[in-house]
Every structure is written in structure tokens, then in C-alpha cells.
Amino acid sequence: MTDPTADTTPGSWQPTSTAGTTAATGDPRAALESLRAEIGKAVVGQDPAVTGLVVALLCRGHVLLEGVPGVAKTLLVRSLAASLELDTKRVQFTPDLMPADVTGSLVYDTRNAEFSFQPGPVFTNLMLADEINRTPPKTQSSLLEAMEERQVTVDGTPRPLPEPFLVAATQNPVEYEGTYPLPEAQLDRFLLKLTVPLPSRQDEIGVLTRHAAGFDPRDLNAAGIRPVATAADIEAARAAVAKTTVSPDIAAYVVDVCRATRESPSLALGVSPRGATALLATARAWAWLTGRDYVIPDDVKALALPTLRHRVKLRPEAEMEGVTADSVITAVLAQVPVPR
């Protein structure tokens, strides 16, 4: 494992295992590390997003993937699903999608002359909510209970969702016609907001080279992607993350960073205490992934942007001046004293 303090970006997580590593090793970190190599068979140059998805799994959180069309957002989630021995379902969110199409509904059974519950696609381990901002708020809100409580209530009866459970939603940041922006209450349900950028020139050449050699993004089996981690690995990893030590100084540093966003003149809404607990959780997962059993300030800095960028709201005048949530958080990190 490379020195985790050498680079504080999520993409700096370096696997020590090979692509052939499987869950049979009994080492949950090795099993999760091998996900990057496995996903890399289909997706080129999106290591930070891969790391973010793994962090979300460790923290029992959900991920919002944002990027322009054609940067492999959907392929990334499908490749993760193929690399995990978990049940997965995909829902294409459209303007006519109804809440029952996601959660399920009661169906009348003529044989028994009674109603029975027909589970919707949310009853899975990994749900891909494709283009979530294309469906109206009524359907978007159908995911709120599932994401927060990990259950679905239909006709007054709560029905638990399987474990692990992760919603990976995608959205396009440049197309607004016919879309319904997610409200702050629902954005706050996502542990991380990951930006999926355009690839570098070298990575884009790699993409075209693979396609020229016959790569078909619709056939991941042909790409050689195989399950390398199981639900047991994820559960064992979560138990290990829970033992990662957080000193009082680190906890105070997380609080100071979040409180500083509430005092920023560029923000109408700063990070809430729930955002602070989310930052602490992702920093612990990142520390464990990089091979430590304690959290350092660089872990907090590494996960601050993806954990907090969707939990703040810019003032209109700041937005008109070109200020972004990322720039405000970066400035806060530069100003808040780092514990020694």
C-alpha cells in the first residue's frame, strides 16, 4: 500500500491485490481493493468514482453520480454490480414513472381472492437509478424512506430491504429542459456526490483502442468481469471500519470545517450536523482502505468535497459571480486550522 498522505484525492487508493484476487482470500480489504482492477476492465480513468462507490458501500450510504452524457456513469455502476456477488436492478427514471413502479404495490390475486405485495426494483442490493432528475418529485420522493430507513411502507406495512443496500443515481448537470432538480432534503440522503469528468486524452485513446479491439459495453461478461467480493466481505469490512480510531482532535476538526461553511458569505445554507457525521464516516472508511486503523486530517480533506458539495447552497449573487460549492469548501479547508 502506498503512503496515503502522499496524495489526498480518493483516486490515490492503490490496490495491493491483483485482478485475480477473489473473496476466497478471507481478507475483506483485499477483496474490495480488487474491485478497482475488475472495474478497470470496462471503465477507463474513473478511479476516484470507483473509490467513492466503495466508500459508500462501507458507510451504508448512497451515491449521486453527476457528469455529462457519455462519460460511462451507467457503465461504472453496472461494472461495480458485475464485480460484486450481489443482486442488482436498474430503473430508467422517466417523467411518467410512478412511485409504485419503484417501490412495488399490492396486486389482486384472483386465485386467492386477496391482495398480495409485488416487490418493486428497489428490493435489491444495488439499485441503479438512471437519470433520477428526469422523474417528477412525487416519484423521486418514493426513494426517501428506502434510502434513509432501508424499508418500504406499502398499505401501512413496513417491508425491510435486503442488506447491503445502495442506491447509485446518475444525473446530467448541463441539461435542464424536462428535468426536476432534486430538493435539498433528498440530496442530503446521498452520502456522496461524485463528479464523473471527461477522460484525459490518454484515457480517451485507451477507450477507443478497446472499442476498436471489439469491446462491447453491453456485454460485461465478454470483458471478463467476474465477482470478486461478496456481501460477507462488505459486512466484515464495515466491522473493521467501525474499529477505526477517531481522536477528539479529529472530531473537533470535522466540526470546525462544517461550522465554517455556515459562516461563509457565499453560502445561503451550510453543512448540517448530519453532514458532519457523514464526513466523519467517509474519512474513517478512507483511512481503513488506505491501510490505517486511525483517522488523520488528510482523510477528512480527501473526502470533504464529495461528502459536502451537495449539502451546501450557494447564494444567488455568489453563483452569478462564478463561485462554486467546491471552491467554497476548498477555501474553508485552507482556512480551518489543522490539528497537529
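Could you list, in sequence order, all residues of segment 172-226 that are among the small types (G, A, S), open to solvent by 40 Å² or more (accessible area, probe 1.4 Å) and farther than 28 Å from D87 by Cα? Passing the criteria: G178, S200, A212, A213. Of all residue pairs spaced 6 or more apart or on separate chains, those with beta-carbon atoms under 6 Å, a first member in segment 321-340 that is surrounded by 13 or more Cβ atoms within 10 Å (Cβ to Cβ) and a second member that is of a type outside the set (K, R) and part of a loop (DSSP other than H, G, I, E, B) are V323/S266; A325/V312; V328/S264; V328/S266. Kindly establish whether G45 is at pLDDT 90 or above, closer than 26 Å to A283 by Cα and in contact with a helix residue (DSSP H, G or I) (Cβ under 9 Å, 6 or more places away or on another chain). So G45 does not fit the description; no.
Does segment 16-36 hold any residues that are crowded, with 19+ Cβ neighbours inside 10 Å and either over 8 Å from A229 (Cα atoms) or modelled with pLDDT of 50 or more (or both), and which are they? Selection gives S17, T21, P28, R29, A30, A31, L32, E33, S34, L35, R36. The lone criterion from (1) assigned to a helix (DSSP H, G or I); (2) in contact with a Leu (Cβ under 9 Å, 6 or more places away or on another chain) left unmet by P227 is number (1).
State yes or no: is E163 among the acidic types (D, E), under 18 Å from the mean Cα position of the chain (by Cα) and assigned to a helix (DSSP H, G or I)? Lay out the reasoning, then the answer.
Values: among the acidic types (D, E): yes; under 18 Å from the mean Cα position of the chain (by Cα): yes; assigned to a helix (DSSP H, G or I): no.
No.
Restricting attention to segment 306-337, the residues that are under 27 Å from the mean Cα position of the chain (by Cα) and part of a loop (DSSP other than H, G, I, E, B) add up to 9.
Residues that are open to solvent by 70 Å² or more (accessible area, probe 1.4 Å) and out of contact with any Ser or Thr (no Cβ under 8 Å at 6 or more places or on another chain) within segment 91-107 comprise just one, D96.
The values are calculated or read from the model by the stated rules, or taken from the named source; none is laboratory data. Owing to the predicted nature of the structure, the values given are computational and were not obtained by experimental measurement. Every residue, glycine as well, gets a Cβ built from its backbone with ideal geometry; the counts of neighbours run over all protein chains shown. What goes into the accessible areas is simple: the full protein's heavy atoms, side chains included, and nothing from ligands, DNA or RNA. Shrake-Rupley method; radii C 1.70, N 1.55, O 1.52, S 1.80 Å.
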